[in-house]
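*Asks:* For reference, the structure I am asking about is given below.
The values are calculated or read from the model by the stated rules, or taken from the named source; none is laboratory data. Remember, predicted model here, so these are calculated numbers, not experimental data. Virtual Cβ from ideal backbone geometry, glycine too; neighbours counted across all protein chains shown.
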Amino acid sequence: MGGCTMKDHTFFSHSAIPAIFLVVVACTANVSSAEKVDYENDIAPIFEDRCVYCHGEDEQESGLRLDSRPHMMRGGDSGLPALVPGHPEKSYVMNVIQHLDEEMAMPPDDDQLPKEEIEMISRWITEGAEWPGQMDAVLEFESDHWAFQPIVRPDVPALADTGEQSKPGTLLPVDAFLRSRLAEHGLEYSDPADPRSLIRRLAIVLTGLPPTPEETETFVREFAANGDAAYERAVDRLFQSPHFGERWAQHWLDVIRWSETNGSEANLYRKNAWVYRDYVVRSFNEDKPYDQFVQEQIAGDSMGAGEATGYLVAGPHVPAATVGREPTAIRQARADRLDEIMQTVGASVMGVTVGCARCHNHKFDPVSIQDYYSMTAVFQDIEFGSRHPEFSEDHPLRKRGKELWQQIQTQRDKLRDAGGWEENWGAYRELHFPAVTTTAVRIRFKTPNLGLDELEVLGPHGLNRNLADAREGTEVTGFPEEGTDGRNPIGRINDGEYGTMAWRTKLDAKKEERPWVEFQFQGPQTVNRLRLSNNREYFYDTDYLNKKPYLPKYQFDMDIMQEDGTWQPWTGTWAVNSKLLKNNPERKQTIANIQGLIDQLSEEGPQPSFVGRFVEPVVTHVLLRGSPESPHDEVMPAAPEIFDGDLGLDSSASGPERRREFARWLTSSENPLTARVMVNRVWHHVFGSGIVPTTSDFGRAGAPPTHPELLEWLADEFVSPADADNPAWSVKSLLRMLVMSDAFRQSSLPNEEGLKRDAGSALLWRFPPRRVEAEVIRDSILMASGSLDLRIGGRSYRIHNEKATYAQWEVINNHGKETWRRMLYQERMRRVDDQIFTAFDFPDCGQVRAKRPVSTTPLQALNLMNSDFVLEQSDLIAERALRESNDELELAVDRCFELLLDRSSSEAERTACMNIARDGELALVCRALINSNELAFLP
């Protein structure tokens, strides 16, 4: 770790062994057990003879030094302290000299130290590891790397420095910084872009959709009259477009590798994960302050934005069914899932590869292994899975849900006084019956074979009030108590855990004995419902399986305990579903109405969604070399030490409290990375490359900034705008500064001098031309044909099959009418080729993709000429062109050009297209235009 310094530097001739590889050797004086160990006489000679050569001042293998007591206490690359005064059991030096880990045994090429020497070192540590002249020395954890320093706002370069001849103050600060740097290299901005290129560039950058021909013509006309005013109006209009949020959500989802499947072998679907995607779209449209956006994604469950925590579980994971029941595999899988969270947070917000510190101290950046596990402690209550998100009162899903619930209650009131009824909620079945107050409930099943992951006894005072949930006072018993083969005990039937860990029975059908469950309450309780499921996790977490978990249609009778201690039959499935319906046939329609509203609620209202579920936090330990089988010291929930990351918490802190404090730290002044990283990310999506080209790695292994002063100015302006009228942390305000700059509005055409001095256009002497993304190509084609469905949000459209659990996804419809929404709403599956636009570098969501690669392959041209999607859309474009041109083919070709090119074509191109059109092959012309560079290029 570079940048570590020590106060009170007092070095002795005897070096001290580094934390991980300390090797104790050689001769010691005979010291009786009654005498206190003396460092200079008893310990230093061992270190001098056997350790200093590899771990001294001149050479530090594995980052370990023995020059001082503080260096030993800090440790080396492993991150574990070699010396913990008073605790030899926690001092890693004892592990290595005792050869507890043969891979790290020291000395590496010699025999183990003599027993008496090991005992002496242990005694020295136990007695406090006194080291003359070193007891007050402190090792500070520092770094001189620019990204880890506080943000300091630089002065904007004076206009005279840029060589401009206009009045001082007329340049935007962005242009002042850029022009100043260009002047250093003898360069200047290119001429302004033509209006057609400019409006197309602006529309695609801000919304991901090209302007319509009408919008283009209006802009060209207004631009000719007053260019600046016309451009500013266009910027305002596009910022107000609901498609702005869709465009910028796409960028964010790339960074966090959000997907609607798990990855891994099964690659199971993540049910209703789309509510997180819609949250991101809504946040960008509302221009939610970025600090609030970050905080909600860490701790949205306590901020009225529960769906925002889908961010934490956006990465891939291996589901429990694949992991199995081997304890070591379960522990490893849990550690891997927490690492996925660390990768997401580190890459997207912090811009640091924190995952590199999972097994040892970061090789390049000031992130220790203790830092890594302190951050995992923050997220110990997060597990991959689904829950009912916590929504604020004004959330659109919650408001719609209230409307539907009122309708359900109205229908239920018609049935409540006339007996019971049953409802199918997909994940569970719910039996309603007349309310009764009792101290115990018994359910007697009529079938010998059962599989129940949960049986809940519910009361009338709230939808999710589980009377058996206060487990201190409720006793659950049943038969058979140990379940099938003693492996599926009765305790699982009401443990609050959904999934495969169920109560299972398998009795002899020829015998009379049948399974039963009994709930004994601490006192009288009013009950009116039973809720049963056999694998609720599958319904909450996944979908689209051709062999779905079935709802348990087990027949049963229910008894209640009377005051005299005897059982009274109360209700049962036969009474509810057969007897009552037979005697009251009019109930059938009311029950059907309820079921219809339940189905509607599952689409339009709050519902269990893959945004993470909560578990009890556990004590977190540093794991040696990342192995859950080698836990070391306990660590507290905290942020990295280099940023004063002490959150003031210990292991008793609740999960929400841990995440709230960490979220506050992420967006505080103690952490300079959050603002820098987001400003740079926005710059990347506007100009094609970040000021720091490695947009998710601001560490020493990342690329240096091309314009460091500009980055600092933007980061400070983002957090603390100079103009009080501009909101802090506003992405739209930041974007406005960039798109209003002369740098953005200049031509993308090359010139000889610019190419000679800066071929990659990193200094922005022109607007860097670049490919548009797969989404822009597809959406533009649909827009040109007039087929694009512009609805915002909702469930993703499907292009895949229903599959067996471990089968693979297959594309079955990637071009039909039901898929004609923006590509943002296409099912986002890991490791699945959509057979058209994956060829255009659409990410597979397996890795953080802060910057998409750009490839050129024959498959791209083939897909745009021959795919079913393009063939179908070409016909529609041709039909639209003919229809809107009154069947005059020459005008049809003109119209086709207007729809797809957005700027004038050459006379030769126009003539060639007309000749083809006269042969009656207008669709071929359209396909040629779709395949042209013009459509897939941002000028």
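*Asks:* Out of 743, 715, which single residue is closer than 30 Å to residue 186 by Cβ, at pLDDT 95 or above, small (Gly, Ala, Ser) and touching a Leu at 6+ places or on another chain (Cβ under 8 Å)?
*Replies:* Within the list 743, 715, the selection yields 743.
*Asks:* Would you pick out the residues in region 210-233 that are among the aliphatic types (A, V, I, L, M) and either touching a helix residue (DSSP H, G or I) at 6+ places or on another chain (Cβ under 6 Å) or at positive phi (or both)?
*Replies:* Result: 220, 230.
*Asks:* Can you tell me how many residues within region 773-810 are aliphatic (A, V, I, L, M) and surrounded by fewer than 16 Cβ atoms within 10 Å (Cβ to Cβ)?
*Replies:* Adding up the residues that qualify gives 3.
*Asks:* List, please: which pairs have Cβ atoms under 9 Å, are six or more places apart or on different chains, and start with a residue in region 503-532 that is over 23 Å from residue 419 (Cα atoms) and end with one that is outside any strand (DSSP E or B) and of a type in the set (Asp, Glu)?
*Replies:* 503/453; 504/485; 506/485; 507/513; 522/472
*Asks:* Out of everything in region 207-221 that is assigned to a helix (DSSP H, G or I) and in contact (Cβ under 8 Å) with a residue 12 or more places away in the chain, what residue ends up being surrounded by the most Cβ atoms within 10 Å (Cβ to Cβ)?
*Replies:* The extreme case among them is 219.
*Asks:* Would you check which residues across region 810-828 are assigned to a strand (DSSP E or B) and out of contact with any Phe, Trp or Tyr (no Cβ under 9 Å at 6 or more places or on another chain) and list them? Don't jump to the end; show me each part of the working.
*Replies:* Taking region 810-828 and keeping what is assigned to a strand (DSSP E or B), we get 811, 821, 826.
The one that is assigned to a strand (DSSP E or B) and out of contact with any Phe, Trp or Tyr (no Cβ under 9 Å at 6 or more places or on another chain): 811.
*Asks:* Does any residue of region 257-273 turn out to be surrounded by fewer than 21 Cβ atoms within 10 Å (Cβ to Cβ), assigned to a helix (DSSP H, G or I) and touching a residue at least 60 places away in the same chain (Cβ under 8 Å)?
*Replies:* No, region 257-273 has no match at all.
*Asks:* Quick check on my filter: what residues within region 406-440 are assigned to a strand (DSSP E or B) and more than 23 Å from residue 535 (Cβ to Cβ)?
*Replies:* Once the filter is applied, which keeps residues that are assigned to a strand (DSSP E or B) and more than 23 Å from residue 535 (Cβ to Cβ), region 406-440 yields 421, 433, 434, 435, 436, 437, 438, 439, 440.
*Asks:* Continuing with the same structure: State all residues of region 646-659 that are surrounded by fewer than 21 Cβ atoms within 10 Å (Cβ to Cβ) and not hydrophobic (A, V, I, L, M, F, W, C); if no residue qualifies, say none.
*Replies:* 646, 648, 650, 651, 652, 654, 655, 656, 657
*Asks:* Is it true that some residue in region 714-721 is of a type in the set (Ser, Thr, Tyr) and either surrounded by 17 or more Cβ atoms within 10 Å (Cβ to Cβ) or closer than 23 Å to residue 239 by Cα (or both)? Steps first, answer last, please.
*Replies:* Taking region 714-721 and keeping what is of a type in the set (Ser, Thr, Tyr), we get 720.
When the remaining residues are screened for being either surrounded by 17 or more Cβ atoms within 10 Å (Cβ to Cβ) or closer than 23 Å to residue 239 by Cα (or both), the result is 720.
For region 714-721, residues of a type in the set (Ser, Thr, Tyr) and either surrounded by 17 or more Cβ atoms within 10 Å (Cβ to Cβ) or closer than 23 Å to residue 239 by Cα (or both): present.
*Asks:* Further question: Can you name every residue in region 506-524 that is of a type outside the set (A, V, I, L, M, F, W, C) and surrounded by 22 or more Cβ atoms within 10 Å (Cβ to Cβ)?
*Replies:* Of all residues in region 506-524, those of a type outside the set (A, V, I, L, M, F, W, C) come to 506, 508, 510-515, 518, 520, 522-524.
Scanning region 506-524 gives a single hit, 515.
*Asks:* Report every pair of residues separated by at least 6 positions or lying on different chains whose Cβ atoms are under 6 Å apart, first residue within region 787-801 and more than 9 Å from residue 820 (Cα to Cα), second among the aromatic types (Phe, Trp, Tyr) and at pLDDT below 95.
*Replies:* 800/809
*Asks:* Just wondering, is there one or more residues in region 724-745 that are farther than 28 Å from residue 291 by Cα and either crowded, with 20+ Cβ neighbours inside 10 Å or more than 26 Å from the chain's Cα centre (by Cα) (or both)? Give the steps one after another, and end with the answer.
*Replies:* Of all residues in region 724-745, those farther than 28 Å from residue 291 by Cα come to 742, 745.
Filter again for either crowded, with 20+ Cβ neighbours inside 10 Å or more than 26 Å from the chain's Cα centre (by Cα) (or both), leaving 742, 745.
Yes, some residue in region 724-745 is farther than 28 Å from residue 291 by Cα and either crowded, with 20+ Cβ neighbours inside 10 Å or more than 26 Å from the chain's Cα centre (by Cα) (or both).
*Asks:* What are the pairs, 6+ residues apart or on separate chains, where a residue within region 852-872 that is over 14 Å from residue 835 (Cα atoms) has its Cβ under 6 Å from a residue that is among the charged types (D, E, K, R)?
*Replies:* Partner pairs satisfying both residue conditions: 852/841; 853/841; 854/771; 855/841.
*Asks:* Take region 129-172 and flag every residue that is under 45 Å from the mean Cα position of the chain (by Cα), surrounded by fewer than 17 Cβ atoms within 10 Å (Cβ to Cβ), at pLDDT 75 or above and not aliphatic (A, V, I, L, M).
*Replies:* Listed by number, the residues that qualify are 136, 144, 146, 149, 150, 153, 154, 155.
For every residue, the table says whether it meets (1) touching a Lys or Arg at 6+ places or on another chain (Cβ under 7 Å); (2) within 30 Å of residue 275 (Cα to Cα); (3) assigned to a loop (DSSP other than H, G, I, E, B).
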site: 513; (1), (2), (3): no, no, yes
site: 520; (1), (2), (3): no, no, no
site: 528; (1), (2), (3): no, no, no
site: 551; (1), (2), (3): yes, yes, yes
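For (1) at pLDDT 90 or above; (2) within 26 Å of residue 213 (Cα to Cα); (3) in a helix (DSSP H, G or I), each residue gets a yes or a no:
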position: 830; (1), (2), (3): yes, no, no
position: 844; (1), (2), (3): no, no, no
position: 855; (1), (2), (3): yes, no, no
position: 863; (1), (2), (3): yes, yes, yes
position: 873; (1), (2), (3): yes, yes, yes
position: 896; (1), (2), (3): no, yes, yes
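Residue by residue, here is whether (1) free of Cβ contacts under 8 Å to residues at least 12 places away in the same chain; (2) in contact with a Pro (Cβ under 7 Å, 6 or more places away or on another chain); (3) in a loop (DSSP other than H, G, I, E, B) holds:
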| residue | (1), (2), (3) |
| --- | --- |
| 77 | no, no, yes |
| 85 | no, no, yes |
| 108 | no, no, yes |
| 116 | no, no, no |
| 121 | no, no, no |
| 129 | no, yes, yes |
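*Asks:* Let me ask something additional. Between a residue in region 621-641 that is assigned by TED's automatic domain parsing to the domain that holds residue 80 and assigned to a loop (DSSP other than H, G, I, E, B) and any residue that is basic (Lys, Arg) and buried (at least 22 other Cβ atoms within 10 Å of the Cβ), which pairs come within a Cβ distance under 7 Å, given they are 6 or more apart or on different chains?
*Replies:* Going by the 7 Å Cβ cut-off, there are no qualifying pairs.
*Asks:* Conditions first: (1) crowded, with 20+ Cβ neighbours inside 10 Å; (2) within 15 Å of the chain's Cα centre (by Cα). Residue 339 passes all but one, so which condition is the exception?
*Replies:* Here residue 339 meets the rest and fails (1).
*Asks:* May I pose another question? Quickly run through region 182-193 and pick out the residues that are surrounded by fewer than 20 Cβ atoms within 10 Å (Cβ to Cβ) and outside any loop (DSSP other than H, G, I, E, B).
*Replies:* The answer is 183, 184, 192.
*Asks:* Looking at region 278-295 only, could you name the residues that are surrounded by 21 or more Cβ atoms within 10 Å (Cβ to Cβ) and more than 22 Å from residue 824 (Cα to Cα)?
*Replies:* 295
*Asks:* Look at residue 729 and say whether it is assigned by TED's automatic domain parsing to the domain that holds residue 686 and aromatic (Phe, Trp, Tyr). Explain how you work it out, then say what you get.
*Replies:* Details: assigned by TED's automatic domain parsing to the domain that holds residue 686: yes; aromatic (Phe, Trp, Tyr): yes.
Considered against the rule, which asks whether it is assigned by TED's automatic domain parsing to the domain that holds residue 686 and aromatic (Phe, Trp, Tyr), residue 729 comes out as yes.
*Asks:* Same structure again: Could you check region 355-369 and list, in sequence order, the residues that are in contact (Cβ under 8 Å) with a residue 24 or more places away in the chain and either among the hydrophobic types (A, V, I, L, M, F, W, C) or assigned to a helix (DSSP H, G or I) (or both)?
*Replies:* So the first thing to find is which residues in region 355-369 are in contact (Cβ under 8 Å) with a residue 24 or more places away in the chain, and the list is 357-369.
Listed by number, the residues that qualify are 357, 359, 364, 367, 369.
Yes or no, residue by residue, for (1) assigned by TED's automatic domain parsing to the domain that holds residue 359; (2) aliphatic (A, V, I, L, M); (3) at pLDDT 75 or above; (4) over 30 Å from residue 365 (Cα atoms):
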| residue | (1), (2), (3), (4) |
| --- | --- |
| 28 | no, no, no, yes |
| 33 | no, no, no, yes |
| 54 | no, no, no, no |
| 90 | no, no, yes, no |
| 96 | no, yes, yes, no |
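*Asks:* Just one of the numbered conditions (1) within 29 Å of residue 334 (Cβ to Cβ); (2) in a helix (DSSP H, G or I) is not true of residue 653; which one?
*Replies:* (2)
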